[in-house]
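Below you'll find the structure, written out as C-alpha cells, and then a few comments.
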Amino acid sequence: MGVMKLSKTLFQNLFRKPDTKMYPVIQREYTERTKGHIGIDIENCLFCGMCARKCPCHAITVDRNSKTWSISRMQCIMCRCCVGYCPKHCLTMENTYTPPSTTKVVDTFTFVPPPAEEAPAETPAAE
C-alpha cells in the first residue's frame, strides 16, 4: 500500500509547477507589515540614547559627543522597541532585510551639520 501512495505523490509532482520562485531572477515582494531592519533619519535625531536604553539585546549604541548612532544588524532581533520609544520618531522599521553575511555587520551613521551659508559680501554704497 505504501508504494501506491508514493507513486501517486510522484506523479502529482511530475506534472505541476514548482511552489518555489526563481530567487535571483524573480525578487520577492515584501508586504507592508514585514519586519525588516531599522532605519534612521539622522538629521532629526536628538542623540538622547532612549533607543539604546530600550533595546533588549543592546544592539544600538549612541554617542552624543561625536553625534554617531550605530546598530549591530546581526544582534538586532527586530522587536521594534526602539522605534516605539524614539521621542522624535526618527527611527523606522523598513520592510527589506539585511543581506546575509558571514561577519557581524555594524552600521554607523554620523550627523554632519549642513554647511553654514555665508552672508553675501556687502558692496559699498554708491554716493
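Summary of computed values
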quantity	calculated
Cα→Cβ-extended label distance, 7 Å offset, between residue 65 and residue 53, nm	2.0 nm
Volume per residue that the Cα convex hull of the chain spans, once the total is divided by residue count, Å³	259 Å³
Translational D in µm²/s for region 21-60 (Stokes-Einstein at 20 °C, 1.002 mPa s, Kirkwood Rh from C-alpha pairs)	159 µm²/s
Accessible surface of the chain [probe 1.4 Å, protein heavy atoms]: carbon and sulfur percent	57 percent
The chain: relative contact order in percent, alpha carbon pairs under 8 Å with at least 6 residues between	28 percent
Cα long-axis angle, helix 2-14 against the chain (0 to 90 degrees, to the nearest 10)	50 degrees
Surrounding net charge for residue 38, when Lys and Arg each add one and Asp and Glu each subtract one, Cβ distance under 13 Å	+1
Low-density loop positions, chymotrypsin sites (Phe, Trp or Tyr not before Pro), region 1-69 - DSSP coil, at most 10 other Cβ in 10 Å	15
Part-to-part distance (alpha-carbon centres) for region 38-80 and region 1-18, which is given in Å	52 Å
Inter-site label distance for residue 22 and residue 4 at 7 Å from Cα along Cβ, in nm	3.9 nm
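The values are calculated or read from the model by the stated rules, or taken from the named source; none is laboratory data. The model shown is predicted, which means the values in this text are computed figures rather than measured ones. For neighbour counting, all protein chains shown are included, and Cβ atoms are generated from backbone atoms with ideal geometry for every residue, glycine included. Ligands, DNA and RNA are stripped out before the accessible areas are found, and what is left, the full protein with its side chains, is counted by its heavy atoms. Shrake-Rupley method; radii C 1.70, N 1.55, O 1.52, S 1.80 Å.
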